[in-house]
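Just below is one structure, and these are the notes that go with it.
The values are calculated or read from the model by the stated rules, or taken from the named source; none is laboratory data. For clarity, every value in this text was computed on a predicted model and none was experimentally measured. FYI the Cβ positions are ideal-geometry reconstructions off the backbone, even for glycines, and counts take in every protein chain you see.
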Amino acid sequence: MEEKKTPKIPVWDLPDVPKGKLPPHLELQRTRVLCTSDAPTHTENIRYSGAYASMGVDNSLRLGHFRDNFRVEVIRLTEDDMEFDMIGIDAALANAFRRILIAELPTMAIEKVLIANNTSVIQDEVLAHRLGLVPLRVDPRLFEYMSENDVPNEKNTIVFKLHSRCERGSSRVKVLSNELQWLPRGSEFTLSTEKPAADPTSRPRTYTSFNCSQDSLPDFSNNPIGPKHDDIIIAKLGPGQEIELEAHAVKGMGKTHAKWSPVATAWYRMLPEVVLLQEIEGEKAEELVKKCPVKVFDIEDIGKGRKRATVARPRSCTLCRECIRGDDWDKHVALRRVKDHFIFTIESTGALNPEVLFTEAVKILEDKCERLSALFSPHLLKQKTESPKVPIFVTSGDLRIGAFFFEIRFFLKRLHFEFIFILVGTCKLLMGLETIMIDFYAGECQILQLASE
Amino acid sequence: MGSGELALEKRRQQLLLLMNFDCGLLILLYDYCFDNVMEHGSYQDQSQATFSLTDEDHTLANSLRFTLNQDPRVTFCGYSIPHPSDARVNIRVQTTGDQASEVLKDSCQDLMLICQHVRSTFDQAVVEFKNKKGLDAMNIEP
């Protein structure tokens with residue numbers, strides 16, 4: 001049997017790897033996910049600073065390098081959604097932005113529903129849930145969070161009224177979101193504890209305590225608050241049925257409940273890269289064009305009636321891998337994803353424009369970092385390294401323990417610890433002594449546990 | 001467990017000294033608690049510590065791991081979420097000798113700078129797009 005021989009090349013005849021640059025195969029593995037017919041490979045991002053140290057390539061974070069390479073290209077931008085390319089950033093950050101967009105950007109949503117009357121077929125709780133999911137057209141940055149003990153006021157609550165009925169003898173009606181009527185002066189329902197006012201001029205106390213009307217505020221005077229869409233069906237009423245309620249919207253975040261998520265979805269995909277490894281001509285080219293369900297490939301005339309396949313629309317590739325299935329197609333076509341090129345899509349629910357949402361999301365990540373790094377400011381670090389005074393009472397021990405602790409004392413002195421100990425009783429087990437846990441309490445200490453094997 | 005016992009247990013977890021006599025080494029561990037961050041480290045070797053952040057998740061931890069890993073002073077870093085129902089994440093940092101908290105602080109600031117650049121680049125791209133769209137809408141014949 002004849003063996004297939006590969007020509008042997010002496011090691012000193014191999015080409016030199018250029019200094020400061022990765023060899024092409026490693027560069028490919030670093031920057032691309034290779035989508036082979038069975039599974040994608042090289043999906044991980046290599047982030048360790050010394051990963052390529054042996055090749056003289058620095059993989060550490062260079063902000064200058066990042067600044068030079070980072071690009072954003074807006075593809076589509078409307079009031080409700082946007083698509084943009086984010087190039088030269090790691091998946092960790094792209095994903096952080098996506099997660100913040102979905103779960104940590106605040107919006108206003110209906111949280112409390114006070115139902116005065118509901119004779120419709122929809123149960124109160126289902127109705128309240130449906131109302132919660134109605135997107136509101138209001139900038140959440142103008143409002144404050146309402147914590148448990150807060151009184152609902154004009155800064156943290158938006159009140160809507162809904163009163164709809166279907167007259168007897170008429171046909172069924174739909175209750176649409178445009179029937180939610182904004183009450184800028186707050187709730188109109190008086191508290192059940194409130195007695196009929198003796199003084200008719202004083203306003204009875206209601207479920208909210210607004211100091212002023214919201215429509216007198218400059219932000220809302222020309223821009224009344226309401227649902228983003230007017231045609232969301234909230235309920236259907238049969239003849240004689242009626243719904244009367246008040247809905248209170250508060251500020252919240254998507255991680256508490258999805259109704260507060262400012263995006264319908266926010267997602268990204270890495271840019272697909274389709275590479276023809278060999279020239280594909282004639283019938284094979286026709287076959288390739290037919291194989292692709294999303295029409296990535298085109299046929300190009302190269303004269304003399306010869307036809308060649310080209311990659312015309314790599315962006316629309318879904319990486320279904322249909323084109324590398326069967327025979328040895330994977331030797332002709334390579335499917336890859338560019339690891340640092342993200343096609344990011346944001347669909348806003350309407351509270352804020354998508355481009356504002358993204359900017360706010362980046363700001364939130366910035367705030368997180370700032371808060372964390374502020375904790376490690378110098379004066380706090382100093383506080384930490386100051387030695388605590390540690391008097392120790394050994395509840396049981398003998399002379400050998402005493403000698404042992406004497407050593408510890410010297411050791412701790414070197415570390416600037418004040419260390420006092422008092423021996424009480426005796427302890428027979430010493431040799432296997434492994435850990436001593438000491439509990440600090442009001443400047444005093446006790447050995448809580450003498451762990452021994 | 002009574003409430004007093006529980007409080008004691010909590011305190012014990014908050015601040016405890018642990019001494020290891022076995023290999024002739026005495027290691028003093030400290031837990032430094034501040035706001036929502038707890039630092040578990042040792043007095044002798046401040047080059048390694050675990051930072052326990054409450055009310056944080058993958059969003060911050062994974063981004064920090066990204067910047068920390070790219071810091072040449074870091075020999076190891078990783079994070080874990082001990083239990084999915086606790087809003088807590090532990091970030092482990094081991095360095096070549098620098099104080100771990102200093103290195104973490106620096107990578108926080110790196111991340112902040114990255115974010116600032118992302119924001120300004122994004123805003124600029126949006127403005128450019130809007131200008132271009134404005135011109136297109138005007139339908140000026142060349």
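Summary of values
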| quantity | calculated |
| --- | --- |
| Inter-residue pairs, beta-carbon under 8 Å, first farther than 18 Å from A:Ala92 by Cα and in region A:39-54, second not in a loop (DSSP other than H, G, I, E, B), 6+ apart | A:Pro40/A:Val33; A:Pro40/A:Leu34; A:Pro40/A:Arg337; A:Thr41/A:Val33; A:Thr41/A:Leu34; A:Tyr52/A:Leu26 |
| Residue check, A:Leu114 within 13 Å of chain B (Cβ to nearest Cβ) and over 18 Å from the mean Cα position of the chain (by Cα) | no |
| Filter pass, A:Ile346 being among the β-branched types (Val, Ile, Thr) and in contact with a Leu (Cβ under 7 Å, 6 or more places away or on another chain) | yes |
| Selection status of A:Asn211, surrounded by fewer than 18 Cβ atoms within 10 Å (Cβ to Cβ) and modelled with pLDDT under 90 | yes |
| In region A:330-363, residue farthest from A:Leu288 (Cα to Cα) [restricted to those that are crowded, with 20+ Cβ neighbours inside 10 Å and at the interface with chain B (Cβ under 9 Å from one of its Cβ atoms)] | A:Val362 |
| Filter result for the condition that a residue is among the basic types (Lys, Arg), outside any strand (DSSP E or B) and either in contact with a Ser or Thr (Cβ under 9 Å, 6 or more places away or on another chain) or under 30 Å from A:Asn149 (Cα atoms) (or both), over A:Lys304, A:Lys295, A:Lys236 | A:Lys295 |
| Failed condition for A:Pro204, given (1) in contact with a strand residue (DSSP E or B) (Cβ under 6 Å, 6 or more places away or on another chain); (2) modelled with pLDDT of 85 or more; (3) of a type outside the set (Gly, Ala, Ser) | (2) |
| Residue ID - nearest to the other protein chains (Cβ to nearest Cβ), chosen from residues in region B:77-87 that are over 19 Å from A:Asn45 (Cβ atoms) and of a type in the set (A, V, I, L, M, F, W, C) | B:Ala87 |
| Some residue of region B:118-131 being assigned to a helix (DSSP H, G or I), within 27 Å of A:Gly50 (Cβ to Cβ) and facing chain A (nearest Cβ under 7 Å) | yes |
| Subset of region A:282-307 [in contact with a strand residue (DSSP E or B) (Cβ under 7 Å, 6 or more places away or on another chain) and crowded, with 16+ Cβ neighbours inside 10 Å] | A:Ala285, A:Leu288, A:Val289, A:Val296, A:Phe297, A:Ile299, A:Lys307 |
| Single match in A:Glu273, A:Glu279 (criterion: exposed (fewer than 14 other Cβ atoms within 10 Å of the Cβ) and of a type in the set (Asp, Glu)) | A:Glu279 |
| Region A:250-270 - residue that is surrounded by fewer than 21 Cβ atoms within 10 Å (Cβ to Cβ) and in a loop (DSSP other than H, G, I, E, B) and, of those, nearest to the chain's Cα centre (by Cα) | A:Lys255 |
| Count of residues meeting criterion [closer than 29 Å to B:Asp110 by Cα, over 31 Å from the mean Cα position of the chain (by Cα) and away from every other protein chain (no Cβ under 14 Å)] in region A:27-55 | 2 |
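Residues are listed down the side, and each one gets a yes or a no for (1) surrounded by 17 or more Cβ atoms within 10 Å (Cβ to Cβ); (2) more than 7 Å from chain A (Cβ to nearest Cβ):
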{"site": "B:Ala49", "(1), (2)": "yes, yes"}
{"site": "B:Asp55", "(1), (2)": "no, yes"}
{"site": "B:Leu60", "(1), (2)": "yes, no"}
{"site": "B:Phe66", "(1), (2)": "yes, no"}
{"site": "B:Thr75", "(1), (2)": "no, yes"}
{"site": "B:Val89", "(1), (2)": "yes, yes"}
{"site": "B:Thr96", "(1), (2)": "no, yes"}
{"site": "B:Cys108", "(1), (2)": "yes, no"}
{"site": "B:Ile114", "(1), (2)": "yes, no"}
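The rows are residues; the columns are (1) within 14 Å of chain B (Cβ to nearest Cβ); (2) under 30 Å from B:Gly134 (Cα atoms).
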position: A:Thr78; (1), (2): yes, yes
position: A:Asp81; (1), (2): yes, yes
position: A:Asn95; (1), (2): yes, no
position: A:Leu105; (1), (2): yes, yes
position: A:Ile122; (1), (2): no, no
position: A:Arg130; (1), (2): no, no
